[in-house]
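Asker: One structure coming up, written as structure tokens, with questions to follow.
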Amino acid sequence: MILMKNIVREGHPALRKRAQEVPFPLAKEDRKLCDDLLEYVKNSQDIELSERYGLRPGIGLAAPQVDESKRIFALHIPETGKDPLSFVAINPKIISHSVEKTYLTSGEGCLSVDRDVEGYVPRYARITIKAYDTDGKEFKKRLKGLPAIAFQHELDHLNGIMFFDHIDKKSPFKDIPNAIPFDRD
Ligand code: UDB
Ligand code: ZN
């Protein structure tokens with residue numbers, strides 16, 4: 001299983017590379033990687049397991065964060081009154097997006113970043129995405145709110161981009177034109 005010691009931190013070269021497309025049918029080790037990424041985000045949100053194994057609770061994890069430069073990530077996002085939004089995305093793409101933007105008013109963090117970096121991270125408010133599942137089947141989804149923000153954060157990891165790259169260095173809390181702020185509940 002993936003533990004915090006397996007998650008690479010800021011400064012590691014894997015976080016700054018463009019990750020490689022994944023071929024189908026999935027190799028055994030790629031299927032295992034998919035399972036492990038999704039298992040991490042699920043386990044990390046289980047109070048007992050997160051305490052037992054010292055996992056930082058996360059809603060998304062991308063393959064480059066475990067030093068695997070492949071275009072794969074997992075999301076597991078609790079939704080009030082609904083089942084969690086939970087999936088692995090292989091070779092994901094944004095096929096269309098809103099003009100409207102959004103940002104977490106509390107800013108973003110990252111499982112690979114052990115410090116607070118303040119500031120607004122502009123994201124598209126709504127996206128339509130395409131990706132492949134572990135069976136090599138293509139799927140599409142329309143995402144908004146936290147799922148849209150998290151998807152863009154993870155997709156950035158596959159392109160060597162960190163959330164703080166998007167923060168205005170001189171004025172981290174500068175108004176973002178056309179953006180609807182998103183409060184974490
Ligand atoms: C996270 N979690 O998992 F708005 F219920 C972050 C960490 C870095 C703080 C653990 C998070 O933002 N949780 C969250 C946010 C809400 C409401 C809520 C829970 N990641 C994943 C990561 O680092 N992947 O590479 C950070 C991103 C998730 C969305 C934006 C930042
Ligand atoms: Zn991250």
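The values are calculated or read from the model by the stated rules, or taken from the named source; none is laboratory data. Source: prediction; values computed, not measured. Heads up, the Cβs are rebuilt from the backbone with ideal geometry, glycines too, and the neighbour counts pull from every protein chain shown. All accessible areas refer to the heavy atoms of the entire protein, side chains included, with ligands and DNA or RNA removed. Shrake-Rupley method; radii C 1.70, N 1.55, O 1.52, S 1.80 Å.
Asker: So if each residue of separation counts as 0.36 nm, and I subtract the Cα-Cα distance between residue 29 and residue 128, what length gain in nm does that give? Show your work: numbers first, answer last.
Answerer: Working: separation 99, 0.36 × 99 = 35.64 nm, distance 2.87 nm.
Working it through step by step, the gained length comes to 32.8 nm.
Asker: Could you list, in their original order, any pairs among 17/170; 5/101; 82/144; 5/174; 70/141 whose Cα atoms are separated by more than 24 Å?
Answerer: Long pairs (Cα-Cα over 24 Å): 17/170; 5/101; 5/174.
Asker: Which longest uninterrupted range of the chain lacks any GluC sites (Glu not before Pro) assigned by DSSP to a loop state (not H, G, I, E or B) and surrounded by at most 14 other Cβ atoms within 10 Å? Show your work: numbers first, answer last.
Answerer: Numbers: sites that count: 10, 21, 100, 118.
The reported range is 22-99.
Asker: Still on this structure, please answer the following. Using heavy-atom solvent-accessible surface (probe 1.4 Å) with all chains present, what is the largest-first order of 170, 5, 93?
Answerer: Details: 170 195, 5 165, 93 100 Å².
Descending order: 170, 5, 93.
Asker: Take the Cβ-Cβ distance between residue 9 and residue 183 as r, set R0 to 30 Å, and report the resulting FRET efficiency rounded to the nearest 0.05.
Answerer: Details: r = 28 Å, r/R0 = 0.93.
Working from the Cβ atoms, E equals 0.60.
Asker: Taking Cα atoms, how many degrees apart are the long axis of helix 28-44 and the longest axis of the chain, rounded to 10 and kept between 0 and 90?
Answerer: 50
Asker: Here's something else I'd like to know. On full extension of the chain, what length is gained from residue 20 through residue 100, given 0.36 nm per residue of separation minus the C-alpha to C-alpha distance?
Answerer: Working it through step by step, the gained length comes to 25.8 nm.
Asker: Nearest 10 degrees, 0 to 90: what angle lies between the long axis of helix 145-158 and the longest principal axis of the chain (Cα atoms)?
Answerer: The two axes meet at around 60 degrees.
Asker: Probe of 1.4 angstrom, ligands and nucleic acids ignored: what's the accessible area per residue over the chain, in square angstrom? Numbers along the way, then the final one.
Answerer: On the way: 10030 Å² over 185 residues.
Value for the chain: 54 Å² per residue.
Asker: Using 7 Å Cα-to-Cβ label points, what is the residue 138/residue 117 separation (nm, one decimal)?
Answerer: Going by the 7 Å Cα→Cβ label model, 3.3 nm.
Asker: Of 110, 8, 143, which is farthest towards the positive pole of the range 4-182's charge dipole, taken about the Cα centre with +1 and -1 on the beta-carbons of Lys, Arg and Asp, Glu respectively?
Answerer: 143
Asker: How many percent of the accessible area of the chain is carbon or sulfur, using a 1.4 Å probe? Kindly include the intermediate steps, with their values, before the conclusion.
Answerer: Numbers: 4970 of 10030 Å².
Carbon and sulfur together cover 49 percent of it.
Asker: Next question, about the same structure. What value in Å³ per residue do you get for the convex hull of the alpha-carbon atoms in the range 43-170?
Answerer: Numbers: hull volume 17.0 nm³, N = 128.
Given the Cα convex hull of the range 43-170, per-residue volume reads 133 Å³.
Asker: Then there's this: Only four residue types carry charge here, +1 at the Cβ of Lys and Arg and -1 at the Cβ of Asp and Glu. Report the dipole size of the chain about the Cα centre in Debye, rounded to the nearest 20.
Answerer: Working: 29 positive and 29 negative charges, 120 e Å.
About 580 debye.
Asker: With n ≥ 4 as the cut-off for DSSP H runs, can you work out [θ] at 222 nm for the chain, using -39500 (n - 2.57) per run divided by the number of residues, rounded to the nearest 500?
Answerer: Numbers: 3 runs with 38 residues, N = 185.
Value at 222 nm, helices only: -6500 deg cm²/dmol.
Asker: Find the relative contact order for the range 4-182 and round it to a whole percent, using C-alpha pairs within less than 8 Å whose residues are 6+ positions apart.
Answerer: Numbers: 353 pairs, mean separation 44.5, N = 179.
Reported as a whole number, the value is 25 percent.
Asker: May I pose another question? Count charges around residue 163 for me, please; just the other residues with Cβ under 9 Å from its Cβ, Lys/Arg as +1, Asp/Glu as -1.
Answerer: On the way: positive: none; negative: 108, 156, 165.
Net of charged neighbours comes to -3.
Asker: In whole angstrom, how far apart do the alpha carbon centroids of the range 131-148 and the range 59-117 sit?
Answerer: 12
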